[in-house]
Amino acid sequence: MHVETALMLGIPGMTLLLVAVGGYEIVQKRRGKRSGTPLAGTYVDEVTALFYGTKRMELEHRDSTSMMRDEEGDGAPGVDLDGRRIVLRREDL
């Protein structure tokens, strides 16, 4: 009998806890005291990944791409987007 009660109150209780944590994080963010990934967002992602396998693959892909280095020279040679000009050199052709 106690197991049924725990399961019956588990999902609504966790939902209320999620709303409370999300509200707390919004207040902290407005005060400028909190930065980074919100705990409520991480919780929602993990619960969604529990029920949908594709969400787990998305989270793993997001983690792997965040670890990759972003090279400054990966763009096209001779293109200056800030100065809005293209410089062509003979060795680039």
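The values are calculated or read from the model by the stated rules, or taken from the named source; none is laboratory data. Remember, it's a predicted structure, so these values are computed and weren't measured experimentally. Using ideal geometry, Cβ is built from the backbone for each residue, glycine included, and neighbour counts are taken over all protein chains shown. Surface accessibility is based on the protein's heavy atoms, side chains included, excluding ligands, DNA and RNA. Shrake-Rupley method; radii C 1.70, N 1.55, O 1.52, S 1.80 Å.
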(message) Over the Cα atoms of the stretch 1-56, what radius of gyration and what Dmax do you get, in Å?
(response) 14.4, 46
(request) Leaving ligands, DNA and RNA out of it, report the carbon-plus-sulfur percent of the accessible area of the stretch 1-56 at a 1.4 Å probe. (result) 69
(request) Determine how large the accessible area of residue 39 is when every protein chain is in place; take a 1.4 Å probe and give Å² rounded to the nearest 10. (result) 100
(request) Just add up the charged neighbours of residue 46: K/R +1, D/E -1, any other residue whose Cβ is under 15 Å from the Cβ of residue 46. (result) -1
(request) Work from the charge dipole of the stretch 1-56 (Cβ charges, +1 for Lys and Arg, -1 for Asp and Glu, about the Cα centre) and give the residue of 8, 44, 27 farthest towards its positive end. (result) 27
(request) Using a 1.4 Å probe and ignoring any ligands, DNA or RNA, find the accessible area of residue 60 and quote it in Å² to the nearest 10. (result) 110
